[in-house]
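This report refers to the structure that appears directly beneath it.
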Amino acid sequence: MEKPSKKRRYIFPIILILVFVLSLLLLRSVIMKFSIIQTSQSPALIKTYGSSTLDESSLSREIFNEINRKRLELGNNPLEWDERIYQAAKAHSIDLRTHETFSHHNVEGASVADRLKNQDLFFLVAAENLFMLKASTENIPDFVVEGWMNSPGHRWVMVDRDKFFTHGAVGVTCGNLSCYVTFNCADFIVSKKWTLKPHYYVKVNLNDESFGFQESYPVDIKIQSSSPVDMYFFDSLSHMNAFIKTGSDRSHDNIMNQTHISDRRLAQKDACLLIKNNSNSIADVTCELIYN
């Protein structure tokens, strides 16, 4: 048998090597293509993953400050930030995100009033605004507040023409895709005004059942008068009645002859004040009770 030539003997190995190289090149191309497809499937997620790094505490304050800016712009007083209202608002935002729901009631059925009471807050009236938005939204404070301003019910709470609310807070929580915003506001202040004749008294209940008191609360007492007044504090109605019957101005717990009085007490059951005009002229008296 004739031996194959030297040239023919090398052709087959060369062909095998070329096939192997081409296979490697083809396999590399497929791998690269698959890698590119996998990377390009979720470009939006790449953008929003960074949203979980939002400073939620700062964002809460920024939204609250924007609400106050709107209130001032419209001629109303700014709300005072209250940390316990913040805790209630923050907890509700977390609850909404956790359960993927959007409601003024949480999964246990608790309302904003229930949630504030759980923070041991006494209030006369309370309200709540909610907002849900994409976490990648630019300028979130403006976006949220403008959204509320364009909705009559939400606008009413923020503008507060009747000046129902004195304190508030905003709680924000954000995930990869969405942010939940809860704005709560409430009124802690009872204001009273009188015109007192010379040497006349007026009684002030600190724990007024008509306000829905269920327990004792701390209260700041601020009195301003056009003429000097005396303030007497009593921890029970019986002590006050005994003081009135004696006709004596002597009391162990009083602040005397002042036009501006600032005091802090515990508004326990039957706790009350007597304010006396301690002058020979008419006294215009204003008393603010600031609870919590």
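The values are calculated or read from the model by the stated rules, or taken from the named source; none is laboratory data. Keep in mind the model is a prediction, meaning the values are calculated, not measured. Cβ: placed from backbone, ideal geometry, glycine included. Neighbour counts: every protein chain shown. Quick note on the areas: whole protein, heavy atoms, side chains included, nothing else; ligands and nucleic acids left out. Shrake-Rupley method; radii C 1.70, N 1.55, O 1.52, S 1.80 Å.
When residues of region 210-240 are filtered for being assigned to a strand (DSSP E or B), open to solvent by 70 Å² or more (accessible area, probe 1.4 Å) and under 22 Å from Val112 (Cβ atoms), how many remain?
0
Name the pairs: first residue in region 273-292 and outside any strand (DSSP E or B), second residue crowded, with 17+ Cβ neighbours inside 10 Å and of a type in the set (Asp, Glu), Cβ to Cβ under 9 Å, at least 6 apart or on different chains?
Between residues of region 273-292 that are outside any strand (DSSP E or B) and residues that are crowded, with 17+ Cβ neighbours inside 10 Å and of a type in the set (Asp, Glu), the close pairs are Asn278/Asp230; Asn292/Asp82.
List every residue pair whose Cβ atoms lie under 6 Å apart, where the two residues are 6 or more positions apart in sequence or sit on different chains, the first residue falls within region 241-256 and is closer than 14 Å to Val229 by Cα and exposed (fewer than 11 other Cβ atoms within 10 Å of the Cβ), and the second residue, located anywhere, is at pLDDT 80 or above and β-branched (Val, Ile, Thr).
none
Sort out which residues of region 143-152 are of a type in the set (Val, Ile, Thr) and open to solvent by 70 Å² or more (accessible area, probe 1.4 Å), and write them in order of number.
Result: no residue meets the conditions.
One residue is enough: does region 153-173 have a residue meeting the conditions modelled with pLDDT of 95 or more, under 12 Å from Leu133 (Cα atoms) and surrounded by 15 or more Cβ atoms within 10 Å (Cβ to Cβ)?
Checked region 153-173: at least one residue is modelled with pLDDT of 95 or more, under 12 Å from Leu133 (Cα atoms) and surrounded by 15 or more Cβ atoms within 10 Å (Cβ to Cβ).
List, please: which pairs have Cβ atoms under 6 Å, are six or more places apart or on different chains, and start with a residue in region 155-175 that is at negative phi and end with one that is in a strand (DSSP E or B) and charged (D, E, K, R)?
His167/Glu80
In region 91-100, how many are within 16 Å of Glu128 (Cα to Cα) and surrounded by fewer than 19 Cβ atoms within 10 Å (Cβ to Cβ)?
2
Among the residues in region 109-119, are any within 24 Å of Leu54 (Cα to Cα), in contact (Cβ under 8 Å) with a residue 12 or more places away in the chain and not in a strand (DSSP E or B)?
No, the conditions are met nowhere in region 109-119.
What's the number of the only condition in (1) of a type in the set (Gly, Ala, Ser); (2) in a helix (DSSP H, G or I); (3) farther than 30 Å from Gln258 by Cα that Gly168 fails to meet?
(2)
Taking the conditions exactly as written (open to solvent by less than 30 Å² (accessible area, probe 1.4 Å), under 30 Å from Phe143 (Cα atoms) and not hydrophobic (A, V, I, L, M, F, W, C)), does Asp187 satisfy them or not?
Criteria met by Asp187.
If we keep just the residues of region 91-108 that are over 11 Å from the mean Cα position of the chain (by Cα) and part of a helix (DSSP H, G or I), which is nearest to Ser178 (Cα to Cα)?
Across region 91-108, the extreme among qualifying residues is Arg97.
Give region 67-90 a look and list any residue that's open to solvent by less than 70 Å² (accessible area, probe 1.4 Å) and assigned to a helix (DSSP H, G or I), or say none.
Listed by number, the residues that qualify are Ile67, Asn68, Lys70, Arg71, Ile85, Tyr86, Ala88, Ala89, Lys90.
Which one is least open to solvent (accessible area, probe 1.4 Å), of the residues in region 104-142 that are among the polar types (S, T, N, Q) and within 19 Å of Cys174 (Cβ to Cβ)?
Applying the filter and picking the extreme gives Asn129.
Hey, can you tell me all the residues within region 183-209 that are in a strand (DSSP E or B) and basic (Lys, Arg)?
Residues satisfying the conditions are Lys192, Lys193, Lys203.
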